[in-house]
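Reading through the structure tokens given below for one structure.
The values are calculated or read from the model by the stated rules, or taken from the named source; none is laboratory data. Just so you know, these numbers come straight off a predicted model, no measurement behind them. No Cβ is skipped: glycine too gets one built from the backbone with ideal geometry, and neighbour counts run over all protein chains shown.
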Amino acid sequence: MLKLPNLTAAEPIPDAAQAEVDRILRTGDLFRYGSDQSPVALLEAEFAQALGTKFALAVSSCSAALFLSLKSLGLPREAKVLIPAFTFAAVPSAVVHADCIPMLCECGDDYRIDLTDFETKLPNCSAVIISHMRGHTSDMDAIMGLCDAAGVPVIEDAAHSLGTTWAGRNIGTIGAIGCFSFQSYKMLNAGEGGIMITDDEDLIAQAIIMSGAYEHNWQKHPVLHTAFANWQNKLPLYNLRLNTLSAALIRPQLEALPGRVEAGRRNHDHVAATLADCPWISVPASLPSEKRAPDSIQFNLINMSDEQVDEFVSQAASLGLKIQIFGRSDDNARAFWNWKFLSSNPDQPKTRAMLNRACDVRLPARLTLQDCNAVSQAILNAVNTTMRRNSEDLNTGYS
Ligand SMILES: *Cc1c(COP(=O)(O)O)cnc(C)c1O
């Protein structure tokens, strides 16, 4: 029996957070605007500096960051926002929440935006959200070229790709706004939380006010105060602030990020290499400009029927490895046909085909190479058992 590591547990919180959490609990200073040197403000400064961007606003989730980004762009009601058909349900939800209409763009076998479909649909859209799903980065040179020429702002949903770079630039700094998540299964774990970054003073000023910097609390943000004066009392307050405890949990993890990125990449590349020769598995290559920070691996099953795909999942489960195929469960939040809250949701056949074959396996940074070997072995055993059984069934006439 293979000894598989625990793939579902989140990253533990560094001990360094403990003293600060104790201090906050003793003072009761949980509200971000309660003191001048709030851990939330420190997190924003440190995050902006780490990413190389001017401004950061920490909020209650990446969904909140996406929503505030759309609101800050001042899009009119019912404006169309182009989003990938392969993304998490939070993305079309943020668009709906901002009174806009999501337009879905096809994604290819490599999990990235289909540029032909993107170019066709862009002219009808007022904004674009690009989700770098599981860190897979779409061709940002092509996307920014098309969007800049059309004058359409780009929001990067980098919820799950902190640490990835594109042509040496940090992901999230390429579009007008970048959004990240601190939910437990992302690179930095605070249970819940998010942050948005931008170099645009007017966008961040609006987002800060709408996030709940009521009255003159915006004075506690290091942004030119003329930007705020324009917006005082003119914007609704959605109260999507982050509390100080969450910031205290994240700050020491920021230091651990480079190590997590390196370990995640090592684990991913190791497992990808062991799957490379399997005739029923294809691991899409990264784009030349992209350096991912993976905490999971995605691969496609090829030359297999739907029945064989489902058999593979149950074989893996019997070995103790839970593999998710995005499109082959009833309730997956990343399968666009499950977004039944959309008033219009036309089929996206390319994305549908990919989702029905794309497997998702977590590979947390804390795994050893030995752990990774056990995961690879379980995947290969499951696929070999499935396909051997199927060829025997054919030979003997059983079904
Ligand atoms: C997790 C995730 C989100 C949502 O993040 P929350 O912080 O849970 O709101 C959005 N987009 C992608 C691609 C994600 O992975």
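Checking Gln348, Gln315, Gln377, Gln308 one by one, the residue that is touching a Cys at 6+ places or on another chain (Cβ under 9 Å) and either touching a residue at least 24 places away in the same chain (Cβ under 8 Å) or assigned by TED's automatic domain parsing to the domain that holds Cys100 (or both) is Gln348 and no other. So for the stretch 249-261 (the condition being among the polar types (S, T, N, Q) and either within 27 Å of Asp29 (Cβ to Cβ) or out of contact with any helix residue (DSSP H, G or I) (no Cβ under 7 Å at 6 or more places or on another chain) (or both)), does at least one residue qualify? Looking through the stretch 249-261, at least one residue is among the polar types (S, T, N, Q) and either within 27 Å of Asp29 (Cβ to Cβ) or out of contact with any helix residue (DSSP H, G or I) (no Cβ under 7 Å at 6 or more places or on another chain) (or both). Considering every residue within the stretch 235-244, establish whether at least one is part of a helix (DSSP H, G or I) and buried (at least 18 other Cβ atoms within 10 Å of the Cβ). There is at least one residue in the stretch 235-244 that is part of a helix (DSSP H, G or I) and buried (at least 18 other Cβ atoms within 10 Å of the Cβ).
If I filter the stretch 92-108 for residues that are of a type in the set (Asp, Glu), assigned to a loop (DSSP other than H, G, I, E, B) and not assigned by TED's automatic domain parsing to the domain that holds Gly327, do I get at least one hit? Yes, the stretch 92-108 contains at least one residue that is of a type in the set (Asp, Glu), assigned to a loop (DSSP other than H, G, I, E, B) and not assigned by TED's automatic domain parsing to the domain that holds Gly327. Name every residue in the stretch 173-210 that is within 14 Å of the ligand (Cβ to nearest atom) and not in a loop (DSSP other than H, G, I, E, B), in order of residue number. Ile177, Gly178, Cys179, Phe180, Ser181, Gly194, Ile195, Met196, listed by residue number.
For the stretch 131-142, residues that are among the hydrophobic types (A, V, I, L, M, F, W, C) and within 16 Å of the ligand (Cβ to nearest atom) total 2.
All conditions in (1) surrounded by fewer than 21 Cβ atoms within 10 Å (Cβ to Cβ); (2) within 26 Å of Asp371 (Cα to Cα); (3) in contact with a strand residue (DSSP E or B) (Cβ under 7 Å, 6 or more places away or on another chain) hold for Phe299, with the sole exception of (1).
Listed here are the residues, each with its yes/no results for (1) under 13 Å from the mean Cα position of the chain (by Cα); (2) under 23 Å from Asn345 (Cα atoms).
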residue	(1), (2)
Val91	yes, yes
Ala98	no, yes
Lys121	no, yes
Asp139	no, no
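How about the stretch 41-88: which of its residues are in a helix (DSSP H, G or I) and either outside the structural domain of Arg134 (by TED's automatic domain parsing) or touching a Cys at 6+ places or on another chain (Cβ under 8 Å) (or both)?
Cys62, Ala65, Leu66, Ser69, Leu70
Only one of Cys107, Cys62 is touching a Pro at 6+ places or on another chain (Cβ under 7 Å) and within 13 Å of the ligand (Cβ to nearest atom). Can you tell me which? Just a single option satisfies the conditions, and that option is Cys107.
Scan the stretch 13-21 and tell me whether some residue there is touching a strand residue (DSSP E or B) at 6+ places or on another chain (Cβ under 6 Å) and either within 28 Å of Trp166 (Cα to Cα) or not in a loop (DSSP other than H, G, I, E, B) (or both). No, the stretch 13-21 has no match at all. Do the conditions hold for Ser329, that is, is it more than 30 Å from Asp99 (Cβ to Cβ), of a type outside the set (Phe, Trp, Tyr) and modelled with pLDDT under 95? Yes; evaluated as a whole, the condition is true for this residue.
Please verify whether Ile155 is over 25 Å from Leu25 (Cα atoms), away from the ligand (no atom under 16 Å from the Cβ) and in contact (Cβ under 8 Å) with a residue 60 or more places away in the chain, treating the condition exactly as stated.
No, not satisfied.
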